[in-house]
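Readers should treat all values here as calculations from the given coordinates under stated rules, not as data from a laboratory. This is a predicted model, so every value here is computed, not measured. In this analysis, Cβ positions are derived from the backbone assuming ideal geometry, glycine residues included, and neighbour counts consider all displayed protein chains.
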């Protein structure tokens, strides 16, 4: 890193453990707490006729899970690598949307909820996130799961079972496309 004031600050934060302890802990704590708070898995309490999630239990479970994650250096390394690549995917997605926004008129470019274009965009991003995490998870021989899967497919693509899996996946996707929901009728009330 360059010898600048900000470069030295980043290096100092790295030495202190901000990137290896504090940020992964905050990320895991926030995600776990949000999931527990939204799903109310640990129950809820009624106060004055209103139901509220048990935030004390949610925060304690999220706190413990955050510390368990940062206690494992392998999990922290996986989170650091995967999140960095997810940010790159997000930047690519935003850059693509900006480019599309420049090239099309607003009337031609509405991604409405339930539209095919929206689902295709979300599916491509989902596949990207899955590939990022497969690339981040190491195997026992020092490789990663994505490389192992691609090597397996490259070596066995002519075998019957690989062809059968590909055919079944293609048939399922085709059936989903054919049987999928058609245009939705307009609801009364303008919504």
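The distance between label points at residue 27 and residue 157 comes to 3.3 nm (points 7 Å beyond Cα on the Cα→Cβ vector).
Here the label points at residue 44 and residue 59, each 7 Å from Cα along the C-beta direction, are separated by 2.0 nm in the simple model.
With helices as the sole contributors, the chain gives -23000 deg cm²/dmol at 222 nm; each DSSP H run of n ≥ 4 counts as -39500 (n - 2.57), and the sum is divided by every residue. Please say if the range 1-71 is rounded, prolate or oblate, where rounded means a/c under 1.5 for a ≥ b ≥ c the square roots of the C-alpha gyration tensor eigenvalues, and otherwise the choice is prolate for a/b larger than b/c and oblate otherwise? The shape class here is prolate. Here the label points at residue 73 and residue 35, each 7 Å from Cα along the C-beta direction, are separated by 2.6 nm in the simple model.
Among the listed values (i) 1.04; (ii) 1.09; (iii) 1.42, the one matching Cα Rg over 2.2 N^0.38 Å as calculated from this structure is (iii). For a quick check, take a GNM of the chain with Cα springs below 10 Å and name the residue from 19, 119, 52 with the largest mean-square fluctuation. Between 19, 119, 52, it is 52 that shows the largest mean-square fluctuation. Highest mean packing first, where packing is the average number of other Cβ atoms within 10 Å per residue, the peptides 123-129, 81-87 line up as 81-87, 123-129.
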